[in-house]
1. What order do you get for Ser419, Ser434 when you list them from fewest to most C-beta neighbours inside 10 Å?
2. So for Asp90, Asp574, Asp282, fewest C-beta neighbours within 10 Å to most, what's the order?
3. Express in nm, to one decimal, how much length is gained between Glu618 and Ala404 on full extension, taking 0.36 nm for each residue of separation and deducting their alpha carbon distance.
4. Relative to the present Cα-Cα distance, how much length would full extension add between Lys207 and Ala71 at 0.36 nm per residue of separation?
5. Considering amide H positions built from the backbone, and no H for Pro or chain starts, which residues 5 or more places from Lys217, or on another chain, come under 5 Å of its amide H?
6. Figure the gain on full extension for Phe182 and Glu512 (residue separation times 0.36 nm, minus the Cα-Cα span) and round it to one decimal in nm.
7. Given 4 °C and 1.567 mPa s, how large is the Stokes-Einstein diffusion coefficient of the stretch 431-621 in µm²/s, with Rh as the Kirkwood radius over Cα pairs?
8. List the residues of the stretch 563-586 whose backbone N lies under 18 Å from a point placed 7 Å from the Cα of Lys526 along the Cα-to-Cβ direction.
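Please treat every number below as a calculation from the coordinates, not as lab data. None of the values given here were measured: they were computed from a predicted structure. With ideal geometry, Cβ positions are generated from the backbone for all residues, glycine too; neighbour counts draw on all protein chains shown.
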Amino acid sequence: MDPRKIFNQNSGKKNAKGKKQFQFKLKVNLWTVALTFLVIFFVIPGIIAAFQTIGTSNNENISQILTDIKAGKVDKVTVDSTKLIVTYKDGGIKLSTKEDGESFSEVLKNSGIDPAGVNYEVVDQSLSKVMGNVLGIVLPILLMVGFFYFILKAQNKGAQDIFSFGRSRAKVFAKGRQNITFADVAGVDEAKKELEELVDFLKNPAKYRKIGARTPKGALLVGPSGVGKTLLAKAVAGEAGVPFFSMAGSEFMEMLVGVGASRARDLFAQAKASAPSIIFIDEIDAIGRQRGKGLMGGHDEREQTLNQILVEMDGFTPNDNVIVIAATNRGDLLDPALLRPGRFDRRIILDMPDKEGRLAILYIHARGKKFAKGVDWSKIADRTVGFSGADLENMLNEAAIGAARDNNSQISMADLEESATKVKLGPAKKRLQSDEDKKLTAYHEAGHAIVTHFLKRMDPVHRISIVARGMSLGHTLIPPAGDRTHETKSRLLEQIVAMLGGRAAEEVVFNEMTSGAANDIAQATKIARAMVVEFGMSDLGPINLGPDMGLGDFGQMEWYEQAQNSPVFMEKIDAETKSLLDSGYKAAVKLVKEKRKLLDKISNALLEKETLDRDDFEKIVGVKKVV
């Protein structure tokens, strides 16, 4: 940025700030003068009188005072209206009163005392009385004027707020105001590299223009929740060294028509005035969804806002040295005009971190926490397949909270294991279960574990528990042994078998079925149906028979267009799905019957310990060989 621009901007800000400070100081000074005035004429005389009365006893009768004066015991008398403050020669002070309207000299004369021989002083109160009368009239008027002044000021502020609806609500981050940098971001190396190039372009534009490269207009960050989109934007703000304007997509919208477009114009106007600069729009899908027919004939507030952003990014007037970064987890819903080159030139996809990424994220969030020596970070990274960066941060925080709750000085591996399970399944619940329910749950979970262990392509069982978490009475954790990109038909078929292992154990052992297998059946059915209608993994052949996702007639509601399948094909889809489930259930029942003795051992161990880790489990059934 041109140093003169920075100086002018800073000068303007300082002038505005100085004006506000001057107005504030003026108000403070006026109130100080008023309070000082009140203190001088009302408070101080009372304080003086109070000090004068220190050490005095109760009021004396005036006759006793006159007797003491005649006896020569009194040194001085101070007359304050009807109050007499009598100072004796021995240092004592007494109070007395006289009748109102009668002077002290007359009181002395009436008692046969020569006033000339008495040392007395009359306090002049004429000014205080006058000021008291004036304040009694003026002070109420001043209070009323001040009251109406603050009311009118509040009304003016409300009117200004009405006319400020169209102004941008973006938060501005100058250099040094954001302490997060690229060093605090891990697990998204490709995305970080793309954004580092944008930051370098803003810092060293001459290097790129020399070779003929133009400034990228924008970068769109797309990925599931928790992978670090907003964190990357904060890192850009910390690294850029240029003004960074941050605003959420929902902040453009207001109940008044045209406000969103007005805020978009104002946002880009501010960014252009501060160029080079960066604009970050979080959750851009709130305003950037595909334009459709709409209830208002294509002129609703959201579409007007989107149209204004499209024009500002790459309209008739060129947009120089202003880069727009946007984030969304629903990139498939954005309008094509927003995604074309010249607007968002770069579409950066963020995925769940792999093992190396999870390790790097764990190291970052482990800073400032105390861990025991036995913590195996590689094992934790393997244990947390499918965790996002936010999940990992939450897991470490929960581990620290758990360790502190148990009065431990360090975070142990057991704390990390418990926190990982808590993040994935929820906190443990100590539900009161009958012995019959515990036994059913133990055999159900043992069925999952036994079937999974003896299937060739399934990953090793990590943990089995009959401790209730969330909505389930127990769980069997089978985290992936590694990061997979593809799923094979053989593995999907074995997943169906493993999911039905709990129901198979119930039938073999108790000759009964329970409602505890409902979620297992739902997940198995989902996999089987996907194999038939989406993956082409059935006798129907490689054909996609599933629904297509799109937007409804109103341009805002997601909907799924049902595939135009004939009734004959629908029957075939149902038949193929049922065939996959039936064959999977038969395989599960067969395995459970073959391994019945091991099933009993595992269930008995669960009833005794409630939770079995992989080592405990494999001591009973043997070590699994992963294919």
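1. Working: Ser419 21, Ser434 8.
Ranked by crowding around the Cβ, least crowded first: Ser434, Ser419.
2. Numbers: Asp90 7, Asp574 12, Asp282 19.
The most exposed by this proxy come first: Asp90, Asp574, Asp282.
3. Working: separation 214, 0.36 × 214 = 77.04 nm, distance 3.19 nm.
Between Glu618 and Ala404, full extension yields 73.8 nm more.
4. On the way: separation 136, 0.36 × 136 = 48.96 nm, distance 10.68 nm.
Result: 38.3 nm gained on full extension.
5. Gly342, Asp345
6. Working: separation 330, 0.36 × 330 = 118.80 nm, distance 5.71 nm.
Stretched fully, the Phe182-Glu512 segment lengthens by 113.1 nm.
7. On the way: Rh = 18.1 Å.
Estimated via Stokes-Einstein, D reaches 72 µm²/s.
8. Hits in the stretch 563-586 for Lys526 at 18 Å: 577-578, 581.
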